[in-house]
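Written out below as structure tokens is the structure these notes cover.
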Amino acid sequence: MTRLRFEFKTIYAMKTCLECGDKIVGREDKKFCSDGCRNAHNNKINKDSTNFMRNVNNKLRRNYRILSECNAGGKTKTTRTKLMAKGFDFDFFTNIRQTKTGNTYRFIYDQGYLFLDDDSFILVKKDR
């Protein structure tokens, strides 16, 4: 009986950086030649595609920052005047939560507010 002998040769494919196309040295699962290229590539992918999206995201970030500053303790009370003086825009929020008692909270991510009858608000922070 004749034995067949197989030779396996490892062929290393030259991998190139997804951002700049330079040769990648190092781990075989690397996709980028440097942290700079990785950051540049991810920034291109994750950038807001239109001015409208960029403007909405900026307003949401500003609203979130205002609520976070005003509600450092997790639950507090404030007025519409104070929020508007800081630049809060009541038209921009991420979700609405209705409670069993019928109260409607508006949230920007985990920071929320409830409008009260006397032009004041309760600010809350949702537990994660």
Neighbour count of at most 15 Cβ within 10 Å plus DSSP loop: longest chymotrypsin sites (Phe, Trp or Tyr not before Pro)-free window in the chain: 13-89
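When the helix-only estimate is applied to the chain (DSSP H runs of n ≥ 4, each -39,500 (n - 2.57), divided by the residue count), what is the mean residue ellipticity at 222 nm, nearest 500 deg cm²/dmol? Before the final figure, lay out each step's value.
Numbers: 3 runs with 38 residues, N = 128.
Rounded to the nearest 500, the figure is -9500 deg cm²/dmol.
So what is Rg over Rh here for the range 75-114, counting just Cα atoms and using Kirkwood for Rh?
Details: Rg = 10.8 Å, Rh = 11.1 Å.
Across the range 75-114, the Cα-based Rg/Rh ratio is 0.98.
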Give me Rg/Rg_expected for the chain, where Rg uses Cα atoms only and Rg_expected = 2.2 N^0.38 Å with N residues. 1.90
Below 27 Å, Cα to Cα, which lysines can residue 75 reach? Residues fewer than 8 away in the same chain don't count. 59, 86, 100, 125, 126
Using a 10 angstrom cutoff on alpha carbons, build the Gaussian network for the chain and name the most mobile of 28, 69, 19. 28
Using the Karplus equation 6.51 cos²θ - 1.76 cosθ + 1.60 (θ = phi - 60°), what ³J(HN,Hα) coupling, rounded to whole Hz, does each residue of the range 16-23 give in order, writing x for Gly and Pro? 10, 5, 5, 8, 10, x, 5, 5
Would you kindly derive the ³J(HN,Hα) couplings of the range 53-66 from the backbone phi angles with the Karplus curve 6.51 cos²θ - 1.76 cosθ + 1.60 (θ = phi - 60°), listing them in order in whole Hz, with x for Gly and Pro? 4, 4, 5, 5, 4, 5, 5, 4, 4, 5, 4, 4, 4, 5
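Bear in mind these aren't lab numbers, they're just calculated from the coordinates by the rules spelled out. It should be emphasised that the depicted structure is a prediction, and the values quoted were computed from it without experimental measurement. All Cβ positions, glycine included, derive from the backbone under ideal geometry; neighbour counts span all protein chains shown.
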